[in-house]
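Structure first, then comments.
Any read-out appearing in this document is the output of simple, stated calculations on the displayed coordinates, not a laboratory observation. This structure is a prediction, so every number in the text was calculated from the model and none was measured. Methodologically, a virtual Cβ is constructed for each residue, glycine included, from the backbone with ideal geometry; neighbour enumeration extends over all protein chains shown.
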Amino acid sequence: MKVELMYQPGYTLGRVRLAGGEKVRVESASMVGMSSGVTLETSATGGFLKSLGRAFLGGESFFQNIYTAPEQGGEVLVAPSLPGDLMTLNITEPMLVQSGAYVASDLGIELDSKWGGSKSFFGTGGGLFMLRAQGGGQMIVSSYGAIHAMTLAVGQSYTIDTGHLVALSESMPFRTRSIGGMKTFLFSGEGYVADLMGPGKFLVQTRSQDQFLSWLIPKLPHSSSTSSSS
C-alpha cells in the first residue's frame, strides 16, 4: 500500500492507495471514505483473547475492519477521532504504540496488548498501556496535536509525560514513575512520566488529551435537580 498524508499537522487525513486485490486493516470508526468497488470485512483479528486484550488493555476496538481493493485498485481515506497528526511507520522490529494511537496497517503487522508501566490510581492517564506491533510492513499512527520524532544516542536519557508518548521501539529501555515528591505530584500539574534510555527513536505528541479533559471537565455545566413536596 502507498500512504499519502494531507493537511498536516492539525487535521491530518491519510489516503491509503491499494493495488488490485491488496488489503489494509483499519481501526474501527477510522474510515473517512473509500473508492468504488472496495469491499469491507469485519473480524476479531488474532482471535478472541487477543482482540479482548486490545480492547480492554490497549484502548482499541474489539473488531477491526479489513478493506480489499477491486481488480483495478482503489483507496481508503482514514483519520483519527481527535484533531491531530498522522505518521506512517515502517515496521521492521517490534514497536510499542500508545493505546488509541493505532489507525491502520498492512496485514503483515500483528497487534497485541502489552503492559507498559505502573497504572495510576489517580486516573487512566497515568497508566502506560501500550500496543505491541510486530511483523513487517507499514503502520499508520495518530496523535493529539502534532507528532515530534526524537532520537537518543547510547547513554542518553529523556523524560516524557506519559500522556505525550506515542510510540517507541520495544528494545528501548524505559520505566514509569511519579515525578518529584508527593507535594510536587499533587500540586505541580505533572503526574506520571516515562524515563527513556538510548539508543533508540520515539514519537511524542505536542498535546495531551488527558490534560485537555482536566481543563475542560471543570468548565462543563452541572445539571441540578430540584425536588418538590406536595
### Summary
Placing each pseudo-label 7 Å from Cα in the direction of the beta carbon, Ser28 and Phe212 end up separated by a distance in nanometres of 2.2 nm
### Query
Whose amide H sits under 5 Å from the amide H of Gly84, counting only residues 5 or more places off or on another chain, with H placed in the peptide plane?
Tyr11, Thr12, Gly145
### Query
Which order, highest average first, do 21-27, 9-15 follow once you tally other Cβ atoms within 10 Å for each residue and take the mean per peptide?
21-27, 9-15
### Task
Using label points projected 7 Å from each Cα along Cα→Cβ, tell me how many nm separate Glu41 and Glu71, to one decimal.
1.9 nm
### Query
aspartates and glutamates within cross-link reach of Lys2: Cα-Cα under 16 Å, excluding same-chain residues under 8 positions apart?
Glu22, Glu75, Asp106
